[in-house]
Amino acid sequence: MNMNARIYYTHFIFSVMLVLAFFFDLNSCYAAGNKKTNIILILSDDMGFSDLGCFGSEINTPNLDRLAAKGVRFTQFYNTARCCPTRASLLTGLHPHQAGVGHMAQDNGLPGYRGRIGKDTVTIAQVLRQAGYATFAAGKWHVSGSDSGPKKDISNWPCQRGFDRYYGTINGPGNYFDPSLLLRDNSYITAPTDELYQPDNYYYTDALSDNMASFIQQHIDTKPEQPFFSYIAYTAAHWPMQAPEEDIARYKGKYDSGYDAVRRARYEKMQQLGIINSQTAQYTPTEGDWSKVEHREWEIRCMEVYAAMIDKMDQGIGKIVDTLEKNGQLDNTVIFYLQDNGACAEDMGRTFNPAWQLTDINPLEPHDIITRDKPPMQTREGLPVLGGPDVMPGPGTSFIAYGKAWANVSNTPFRMYKHWIQEGGIATPLIVHWPDGIEQNSSGRLRQQPGQLPDIMATCLEITQVSYPAQYNGNVIVPCQGVSLVDAFNSDEPLDREALYWEHEGNRGIRIGDYKLVSVEMPKPRHYEKVDLLSLEKWQLFNIAQDRCELNDLAPENPQMVRDMAQKWQKWAQQSRVVPKPYSFK
């Protein structure tokens, strides 16, 4: 090759390299500038408004507290007062009756009460997967009807509703040390025989955290350019009160002073944090007289275990956050945390039940699937699972709820509990952490704008710039009911919404601006389909801005407002499959 040819060849190669370098640099800049945001949605179970450290608790939740300190906290966000309806609403962006889950998992034969999310709905996972997202779920599903064991119809299981991977329990509660109806993707497994996850000591909350962290890490290792959506639904802190002994031990002595002392300490801390104001959220009467508690050590132990369950969940959330951080994904990931209903006052396992005292039971084989999620039941080792004050909560042989008085502490300062539409049943903390989307001067801020579960779908759609489908799989889809919260991340300006609505077991509510109309409380019915709502004709009206604890009923002096709001609720109920109902409605 002569000199001129050599020079020409050198210039040609150099020019090609410059063009390629420019091309790849442009593409890398383009990719960086247009990188889709990851989304992680965390839902906990049966926890009260004040149960996190960053919302007033003495329970150790440093990881959630850190997310709150660098994100925003919504102090007037609402769920639907119960587990199944909340999950259906959260996943679909609809009111629960519109999604087909107006009550629980049983099918009452009416469109709003089928017990499973309908074909005319889409989940966040289905919408985002069509837009190129990888999708993962872990935890309690509870929106596919009643499962009593392996079955053929899996059309509403997670992997059929938009998720690429799933690890969790298809039904509701169960033993934390050996969960019932445990799934990996579309296959039932057991904790002892799961080839992909074998910790030294199995605990369901840890398993959910570890598997979700693994899903995310595997995805980043193999498809780092693809955004992901993760939904993790913990069963913590739903009964039974079960936790590893070393975690329970950290709360020894924390609750010896009793209900009112712990509740007052929370109330004071909530004021210091700005979560509530004593002028607009007055201290309500404490449930339970500590001086008259008969089984005091047992009662203390219930709350110690409950605290340990929340602590354990927070540890797991820390693992997930660490996975994001070490892979450089934390800033580009929006993390939501919220709860499915208020604290639970149910009395599961709080008295001795002789029917739970099984005899002549044999150990189960490692591959035997546990189908029962509540007693009478046995452990895999062949021991009965028991309740009552002679059984200390904590181990897998116990099945005990922490009770109404401690639930009142969890819901500080509100009245009522899970099932009801008063603030104690529907108010949830909402934490949003997103360094790339929340301005630095907004970090740690409190947001007072009222919001509701369908808003999460609307928010995810705005963040990802993905459109909500009018049709999916040949079905016309019910329009999304939510309002995006994105503007509220960095502003105190009110959100543009008409009203918030609720109904559960005949408990009804509507909020317009600061005014909330709510049906009076009723005992939880044992047989939902036989409820007589004649006693629920009365409505109560509260100004939430002035009376967050709903102590001053304004209905008697505002009859026209009550009528107008009640009519608006009725119109919504007729349009949203709330009525007709599977029980008497007057």
*Quick one: pull the percent of accessible area on the chain belonging to carbon and sulfur, 1.4 Å probe, ligands and nucleic acids left out.*
51 percent
*Got a sec? Charge dipole of region 366-481, +1 on Cβ for Lys and Arg, -1 for Asp and Glu; which of ALA407, LEU446, GLY394 is way out at the positive end?*
ALA407
*Mind listing P(r) for region 209-248? All alpha-carbon pairs, 5 Å bins, whole percents.*
5, 18, 19, 17, 13, 10, 9, 8, 1
_Accessible surface, per residue, of the chain when the full set of protein chains is kept, probe 1.4 Å, Å²_ = 40 Å²
*For the chain, what is the mean residue ellipticity at 222 nm derived from helices alone (per DSSP H run of n ≥ 4: -39500 (n - 2.57); sum divided by total residues; nearest 500 deg cm²/dmol)?*
-9000 deg cm²/dmol
_Ratio Rg/Rh, restricted to region 214-298 and using Cα atoms, in which Rh is the Kirkwood radius_ = 1.17
_Residue among ALA138, TRP157, ALA236 farthest towards the positive dipole end of region 104-258, charges placed on Cβ_ = TRP157
*Mind checking the full-extension length gain between GLN282 and GLU498? Use 0.36 nm per residue of separation minus the Cα-Cα distance, one decimal, nm.*
75.0 nm
*Summing Lys, Arg as +1 and Asp, Glu as -1, what charge do residues with Cβ under 10 Å from the Cβ of GLY258 carry, GLY258 excluded?*
-2
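Looking only at the chain, where both bridge partners belong to it, what percent of the DSSP beta bridges are antiparallel (to the nearest 5)?
50 percent
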*Thinking of region 271-322 as a set of Cα atoms, what percent of all their pairs are more than 17 Å apart?*
65 percent
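Looking only at Cα atoms, what is the convex hull volume of region 347-502 per residue, in Å³? Write down the numbers at each step before the final one.
Values: hull volume 36.2 nm³, N = 156.
Hull volume over Cα atoms, normalised by residue count, gives 232 Å³.
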*For log10 I(q)/I(0) by the Debye sum over Cα atoms at q = 0.06, 0.10, 0.11 Å⁻¹, several values are listed as [x] -0.45, -0.98, -1.07; [y] -0.42, -1.06, -1.20; [z] -0.31, -0.84, -1.02; flag the one computed from this structure.*
[z]
*Rg(Cα) / (2.2 N^0.38 Å) computed for region 125-262, rounded to two decimals*: 1.20
*Tell me, what is the FRET efficiency for ARG66 and LEU273 to the nearest 0.05, using R0 = 25 angstrom and their Cβ-Cβ distance as r?*
0.95
*Per-residue HN-Hα couplings for region 203-220, Karplus 6.51 cos²θ - 1.76 cosθ + 1.60 at θ = phi - 60°, whole Hz, x for Gly and Pro?*
9, 4, 4, 4, 4, 5, 4, 5, 5, 5, 4, 5, 4, 5, 5, 4, 5, 4
*Among the listed pairs LYS70/LYS568; LYS312/LYS538; LYS326/LYS374; LYS252/LYS319; LYS254/LYS319; LYS252/LYS326, give every one whose C-alpha distance is greater than 32 Å.*
LYS70/LYS568; LYS312/LYS538; LYS326/LYS374; LYS252/LYS326
*Across the Cα atoms of region 62-135, what radius of gyration and what greatest pairwise Cα-Cα distance (Dmax) are found, in Å?*
15.3, 46
*Cα gyration tensor shape for region 475-516, rounded if a/c is under 1.5, else prolate or oblate*: oblate
*How much net charge surrounds THR222 when only other residues with a Cβ under 13 Å from its Cβ are counted (Lys, Arg +1; Asp, Glu -1)?*
-1
*Under 20 Å from a point 7 Å along the Cα-to-Cβ line of LYS538: which residues of region 552-569 have their amide N that close?*
552-567
*For region 538-586, just the Cα set please: Rg and Dmax, both in angstrom.*
13.2, 36
_Stokes-Einstein diffusion coefficient of region 39-197, Kirkwood radius over Cα pairs, 10 °C, 1.306 mPa s, in µm²/s_ = 93 µm²/s
_Give me the dipole magnitude in Debye, nearest 20, for region 328-467 about the Cα centre, with unit charges on the beta carbon: positive for Lys and Arg, negative for Asp and Glu._
480 debye
*So which GluC sites (Glu not before Pro) in region 356-462 end up in coil per DSSP with only 13 or fewer other C-beta atoms within 10 Å?*
GLU381, GLU439
*So how strong a dipole does the chain carry about its Cα centre when Lys and Arg Cβ are +1 and Asp and Glu Cβ are -1, to the nearest 20 debye?*
1240 debye
_How large is log10 of I(q)/I(0) for region 318-421 at q = 0.20, 0.21, 0.24 Å⁻¹ when the intensity is taken from the Debye formula with one equal scatterer per alpha-carbon?_
-0.97, -1.01, -1.15
_Using θ = phi - 60° and Karplus 6.51 cos²θ - 1.76 cosθ + 1.60, couplings along region 323-329 (whole Hz; Gly, Pro as x)_ = 4, 5, 5, 5, 9, x, 10
*Efficiency by 1/(1 + (r/R0)^6): what FRET value for ASN490 and THR222, r their Cβ-Cβ distance, R0 = 30 Å, to the nearest 0.05?*
0.30
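The values are calculated or read from the model by the stated rules, or taken from the named source; none is laboratory data. Everything quoted here is computed from the prediction, not taken from an experiment. Heads up, the Cβs are rebuilt from the backbone with ideal geometry, glycines too, and the neighbour counts pull from every protein chain shown. Remember, those area values only see protein heavy atoms, side chains included, never the ligands or the DNA or RNA. Shrake-Rupley method; radii C 1.70, N 1.55, O 1.52, S 1.80 Å.
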